[in-house]
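The values are calculated or read from the model by the stated rules, or taken from the named source; none is laboratory data. These numbers come from a predicted model, not from an experiment. Don't worry about glycine lacking a Cβ; one is built from the backbone with ideal geometry, like all the others, and counts go over all protein chains shown. Just so you know, the surface numbers come from the protein's heavy atoms only, side chains and all, with ligands and any DNA or RNA stripped out. Shrake-Rupley method; radii C 1.70, N 1.55, O 1.52, S 1.80 Å.
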Amino acid sequence: MSTRSLRRAVFLATVLGASSVRGQEAGSPSLFASDEVLELTLAADFSLLKSDREEETPERPGTLTLQAADGRQLVLDVQLRTRGSFRKERANCSFPPLRLNLEEEQVVGTVFEGQDKLKMVGSCRPHRPSYEQLVLQEYLAYRTFALVSDVAFRVRLARITYVDQSGEEEPSGRFGFFIEDDDALAARLGARVIELPEGRKLPPRYIDPTTEARMALFQYMMGNTDWLDDVGHNVELLDLGGRALTVPYDFDFSGIVNAPYAIPHPRLGLRSVLERRFLGRCWPGMDMDPVVETFRGLRVEILGLYETFPYLEEEERDRAIRYLAAFFDDIESSERAQLRILRHCRASP
């Protein structure tokens, strides 16, 4: 390790605090090794869970039923809790996102082997079919970034039948998806999660320029401005040898998803989330052409992901493809990318 890298590592490990980085053994990749849709049944007292809206919420018991490779029905005990911030507010969502806590002994030999706590994204308003399309669009945003970068969260789509043990709701089936745990992501990359103390910012000089530039251009492509790298807002920060890698998540305020509740931050002066704004940093001396060329070379693959995805309604699919095609027009040449996007980069202090 160079002297400069050593200084960065010392900063991340000590200046941010001894508990600011964490890691764990990499879990089994079986859950995220396939794009096949999982068929699951999740049973719990959902009327009780829907009432859990505080900042700190309790775990509630439930069961997760799935089919084993040999055809047997497996019933796993799980603990569920509500999570999130905006989507946990009752005015914004009738059904908040969930986190599943799995029992290590029960998941051995199943697709969930090696998993512990998992974030699950589901429909924010289950009784409105259009909201299920939002879930699918956000899932595809994660899949798209995984095409752009290896420093990305893995996701797995599932068709979930919800059984309300309170008896207030009839069983219903809808799409949701699981997101790779941040510690598992860090372990897979040989890195550690950085937990910034409250009110603390990460100095830009410790952020890896290439990773940040790739992420920022992706966020522009998806029309997402709901992120800040130096405070870790919707960006996971990972320490890799004294450099902070930036990994985006939570895309429901993006233009590609176009949720009815999503609005741009007032400071940006945008009329809607469909307007794009490049929030990437100006990195002195960095050649952005290779980053842009990465996206340019993935045009067919990215558009193909949306064109062949069978669960989007035709209108939603066509809208997303038009939105992405406009981005690829913006980067048709290096000169055009510089004029329309890159010259608006954010100055770093």
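Quick notes on this structure:
- Relative contact order for region 206-340, counting Cα pairs under 8 Å that sit 6 or more residues apart, in percent: 23 percent
- Solvent exposure of Thr41, expressed as accessible area, is near 50 Å², computed with a probe of 1.4 Å over the protein chains only.
- Summarised as an ellipsoid, the chain has semi-axes of 33, 25, 19 Å, derived from the eigenvalues of the Cα gyration tensor scaled by 5 and square-rooted, with the largest first.
- Ser348 contributes an accessible area of around 40 Å² to the protein surface, as traced by a 1.4 Å probe with all chains present.
- The residues of region 148-198 have, on average, 41 Å² of accessible surface per residue, using a 1.4 Å probe with all protein chains present.
- Local electrostatic count at Leu324 - Lys and Arg +1, Asp and Glu -1, tallied over other residues with Cβ under 12 Å: 0
- Carbon plus sulfur fraction of accessible area for the chain, probe 1.4 Å, in percent: 48 percent
- Solvent exposure, largest accessible area first (probe 1.4 Å, DNA, RNA and ligands not counted), of Lys117, Lys50: Lys117, Lys50
- Region 106-167 shape via C-alpha gyration tensor axes, a/c threshold 1.5: oblate
- Average accessible area per residue (Å²) across region 208-256 - probe 1.4 Å, nucleic acids and ligands excluded: 18 Å²
- Tyr261 contributes an accessible area of around 40 Å² to the protein surface, as traced by a 1.4 Å probe with all chains present.
- Evaluating 6.51 cos²θ - 1.76 cosθ + 1.60 at θ = phi - 60° for every residue in region 231-242, the Karplus couplings come out as 10, x, 7, 6, 9, 7, 9, 10, 8, 10, x, x Hz, glycine and proline recorded as x.
- In sequence order, calculated HN-Hα J values of region 100-117 (Karplus, 6.51, -1.76, 1.60; Hz; x Gly/Pro): 9, 10, 9, 8, 4, 5, 7, 8, 4, x, 10, 5, 8, 4, x, 8, 10, 9
- Relative contact order (%) - criterion: Cα under 8 Å, at least six apart; region: the chain: 17 percent
- With the gyration tensor restricted to C-alpha atoms of region 31-147, the semi-axes of the equivalent ellipsoid amount to 24, 19, 13 Å, longest first.
- Helix axis angle, 314-330 relative to the chain longest principal axis, alpha carbon, degrees: 20 degrees
- When its C-alpha radius of gyration is set against 2.2 N^0.38 Å (N residues), region 227-272 gives a value of 1.41.
- Spatially near lysine pairs across the chain, Cα under 19 Å, sequence gap of 8 or more or different chains: 4
- Diffusion coefficient (Stokes-Einstein, Kirkwood radius over C-alpha pairs, 25 °C, 0.890 mPa s) for region 190-336: 148 µm²/s, rounded to a whole number.
- Solvent-accessible surface of region 49-107, taken per residue with a 1.4 Å probe and all protein chains present: 54 Å².
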